[in-house]
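Report on the following structure.
The values are calculated or read from the model by the stated rules, or taken from the named source; none is laboratory data. Predicted, not measured: the structure shown is a model, and the values here were computed from it. FYI the Cβ positions are ideal-geometry reconstructions off the backbone, even for glycines, and counts take in every protein chain you see.
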Amino acid sequence: MKSDPENPLNQFNQTGGSSFFDDFFSDLNNFRSSNGDLPNTPPTQEGGNRGNGGNTQGPGRPGGPRQQAPQQPQGLLEEFGINITDIARRGDIDPVIGRDEEIIRVIEILNRRTKNNPVLIGEPGVGKTAVVEGLAQKIVDGSVPQKLQGKQVIRLDVVSLVQGTGIRGQFEERMQKLMEEIRQRQDVILFIDEIHEIVGAGNAGDGNMDAGNILKPALARGELQLVGATTLNEYRIIEKDAALERRMQPVKVDEPTVEETITILHGIQPKYQDYHHVKYTDEAIRAAAELSNRYIQDRFLPDKAIDLLDEAGSKMNLTLNFVDPKDIDKRLIEAENLKAQATRDEDFEKAAYFRDQIAKYKEMQKQTISDQDMPVITEKHIEAIVEQKTNIPVGDLKEKNNHNFLALLMTLSHMLLDKMPQLIRLPKLSVVIVLVLAHQIAQLVVSSS
């Protein structure tokens, strides 16, 4: 990070300054738990002036035990599912770049009257889940046909659904309740990642029906719409069940090219910069796509390129003496509320403690990192991550290749100079071609040096 004598953060690198941040993180555990206790805080003197909040046990009194509101019965979709549409509505989904064609194809299939269940087929990490997130975002934005307006895309965890159903008939009962819940709501698009797992799920060999056989009647009657995702090899498991496979519509999701991956990385770049409090250069973005494509062969783009950016950001973030301003604001509000509660309870010792915490958090709010002081991740940082993952000296190979290329260009230029007397005797057109080649070689030498 750039050293600046006027930078307020420099005080934390001086002797004793880092304790300011150490105190902050140690104080995160000093807030009271749900029953009103304050662990790791100065204990209140026994018999002290606590007023009406002292040892009161009445449920309506400040010092009494808190009564929890009765919980509403939880449906199976809430218990075993994640509402991706709600996540998109909160803005917590990364931008979906370069998958417009696949998203439109999924919407077309969902808009059909029959056989309206798309299955995304592609290698791990190519962006199948991102297509579903893009669908949820379009539903939130209202950019879907009328029949899909207001739908909720819910990701179902099949493994959790099967767990705890060892008793004969228990899994069928749970699945029937799930189907009934979906029928009553009529606004659910079920997303099942690794959809091949529904074939055989819940069938322990004791004659029970598996999830696939339970879903087939609902799919045939149009009572259920689902989007699946699986790999090409694992889709063959579904193809063996002809009755299930004919109700699916495969959508191929290909691995993006390096250039397409670079576009994707630029799209998600702000999210990772905000999360890690760093900056990525354009060279680092390009290096993540190119180096992962060249040296990491057991995974697929864009996932492996995103991992390089994420890991480089995580490593750089560890070097920062920095606390997220949002976290400080949250702790400040919490401390103010707890101070007010302690004052109402006439627990002045706690109130004084939180008064000091409020002053500390307000002081920390003044410490900010400017864009100029934000650490920058370059191509060298990405190369170091690749070397760590693959044990291939990427930087050394690059320098060696550049040296060999420069030596080759110099050799070609010397050969042209040595043969210049013979070249003069050639026809004019040939001489022009040779001179053009010589000029291009000279430019390459200059750019490589």
Q) Can you name every residue in the range 235-259 that is touching a Leu at 6+ places or on another chain (Cβ under 8 Å) and in a helix (DSSP H, G or I)? A) I238, L244, V258
**Q.** Residues that are closer than 18 Å to T129 by Cβ and in contact with an Asp or Glu (Cβ under 9 Å, 6 or more places away or on another chain), drawn from the range 262-276
**A.** G267, I268, K271, Y272
Q) Out of V153, V199, V162, which single residue is at pLDDT 95 or above and not hydroxyl-bearing (S, T, Y)? A) V153
(Q) With the structure loaded, tell me whether T281 is closer than 27 Å to M364 by Cβ and of a type outside the set (A, V, I, L, M, F, W, C) or whether it fails that test. (A) no
Q) So which residues in the range 284-325 are basic (K, R) and under 19 Å from the mean Cα position of the chain (by Cα)? A) R299, K304, K315
Q. Within the range 216-258, restricting attention to residues that are under 23 Å from G169 (Cα atoms) and either in contact (Cβ under 8 Å) with a residue 40 or more places away in the chain or touching a Phe, Trp or Tyr at 6+ places or on another chain (Cβ under 9 Å) (or both), which residue is surrounded by the fewest Cβ atoms within 10 Å (Cβ to Cβ)?
A. E223
Q: Would you check if A359 is at pLDDT 90 or above and farther than 22 Å from Y272 by Cβ?
A: no
Q. For the subset of the range 306-343 comprising residues that are more than 12 Å from F354 (Cβ to Cβ) and without any contact (Cβ under 8 Å) to a residue 24 or more places away in the chain, which member is surrounded by the fewest Cβ atoms within 10 Å (Cβ to Cβ)?
A. L318
